[in-house]
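A.B. asks: Attaching a single structure in structure tokens format; questions to follow.
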Amino acid sequence: MDDSGAGRFVDKNKAREKRGGLGRVANPHQEELDAMRRHAQDQCKPQVEQYVSCTRDKTLSGIWLCRDFLREMEECLVKYENKFELAKRVKAKNDAAAMPR
């Protein structure tokens with residue numbers, strides 16, 4: 001009997017070893033992404049704090065009562081956390097790496 005699995009018995013350990021796995025590929029720009037998110041959170045701290053203070057003592061009603069604060073917070077975060085900002089950060093890192101020392 002071969003290892004193709006066409007027979008009646010399949011060795012599960014061999015089959016498991018043959019499979020590549022479902023591991024996630026690391027994001028090559030994770031450092032820039034994290035820095036961009038930290039910068040956005042720093043820039044939008046007042047809006048985030050307003051939203052948090054509005055929702056702090058509410059349950060489901062916070063969804064409706066605090067939606068204006070949520071919109072303000074999201075609008076602010078989008079200004080600093082978007083694909084164009086990430087592209088600028090990646091380009092700056094690549095340019096810095098390409099410069100001769």
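A.B. asks: Would you tally the residues in the stretch 53-91 being free of Cβ contacts under 8 Å to residues at least 60 places away in the same chain and open to solvent by less than 60 Å² (accessible area, probe 1.4 Å)?
C.D. replies: Looking only at that region, the number is 13.
A.B. asks: Consider M36 against the criteria (1) exposed (fewer than 11 other Cβ atoms within 10 Å of the Cβ); (2) at pLDDT 85 or above; (3) under 24 Å from the mean Cα position of the chain (by Cα): it satisfies all of them except one. Which criterion is unmet?
C.D. replies: (1) is the only condition that M36 fails.
The values are calculated or read from the model by the stated rules, or taken from the named source; none is laboratory data. Everything numeric here is computed off the predicted structure, so don't read it as measured data. Cβ atoms come from the backbone with ideal geometry, glycine included; neighbour counts cover every protein chain shown. Calculation scope for accessible area: heavy atoms of the full protein, side chains included, ligands and nucleic acids excluded. Shrake-Rupley method; radii C 1.70, N 1.55, O 1.52, S 1.80 Å.
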